[in-house]
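The values are calculated or read from the model by the stated rules, or taken from the named source; none is laboratory data. Please read all numbers here as calculations on a predicted model, not as lab measurements. The area values use the complete protein model at the heavy-atom level, side chains included, leaving out ligands, DNA and RNA. Shrake-Rupley method; radii C 1.70, N 1.55, O 1.52, S 1.80 Å.
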Amino acid sequence: WSKRDYASPTYLILGGLVLTEHNFGGVVISQVLEDQINVGYTHLQNAEVTRVNEVAVESMGHVCEVLAAKPRFVRLELECGEIVVVDMSWHIRRHKKILKQHIVMMHNPCTIHVPSAFLLNPCTIRCCDLSLG
């Protein structure tokens, strides 16, 4: 047993969709934090994300690379064949309200800002140099 075994997972909240990385690779929507921005998407819990803005993703690092371009829309293609589009201007307006409504704590000292989204505990991956600044 090591302290690393109990590390909090890396995750990204994008339009209320909580993206996490599988232990064996790949990215999934692990949870949907319900809000007006994601009405109709609650059934997508545990859906595997195969592509983000037409880029194949195998890790949260790939997602970070796509978000570094600061796109206006983020298009998530899922293994089940569904497509989810997040309007980043809506995301920016709703993000803090979603976090507050669902009591998501943002006190992690390793928190960084990824374009209009938050990536928590990025110490485990190498996209720590991304910022809104």
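At a 1.4 Å probe radius, carbon and sulfur cover how many percent of the accessible area of region 14-62? Walk me through the intermediate numbers first.
On the way: 990 of 2350 Å².
C and S fraction of accessible area: 42 percent.
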If amide hydrogens are placed 1.01 Å from N in the peptide plane, which non-local residues have theirs closer than 5 Å to the one on Tyr11?
Leu120
Checked region 24-93 against the a/c 1.5 cut and the a/b vs b/c comparison, axes a ≥ b ≥ c from its Cα gyration tensor; verdict oblate
So between Arg93 and His43, what do we pick up on full extension, going 0.36 nm a residue minus the alpha carbon distance?
15.7 nm
The long-range amide H neighbours of Leu33, using H built 1.01 Å from N in the peptide plane and a cut-off of under 5 Å, are Leu17, Val18
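With contacts defined as alpha carbon pairs under 8 Å and 6 or more residues apart, what's the relative contact order of region 11-118 in percent?
25
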How much accessible surface area, in Å² rounded to 10, belongs to the heavy atoms of Ile103 with a 1.4 Å probe?
130
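At 0.36 nm per residue, minus the direct Cα-Cα distance, what do Gln101 and Arg72 gain on full extension? Give it in nm, one decimal, please.
On the way: separation 29, 0.36 × 29 = 10.44 nm, distance 2.46 nm.
Length gained, Gln101 through Arg72: 8.0 nm.
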Per residue, what accessible area does region 11-118 have, given a 1.4 Å probe and all protein chains present, in Å²?
53
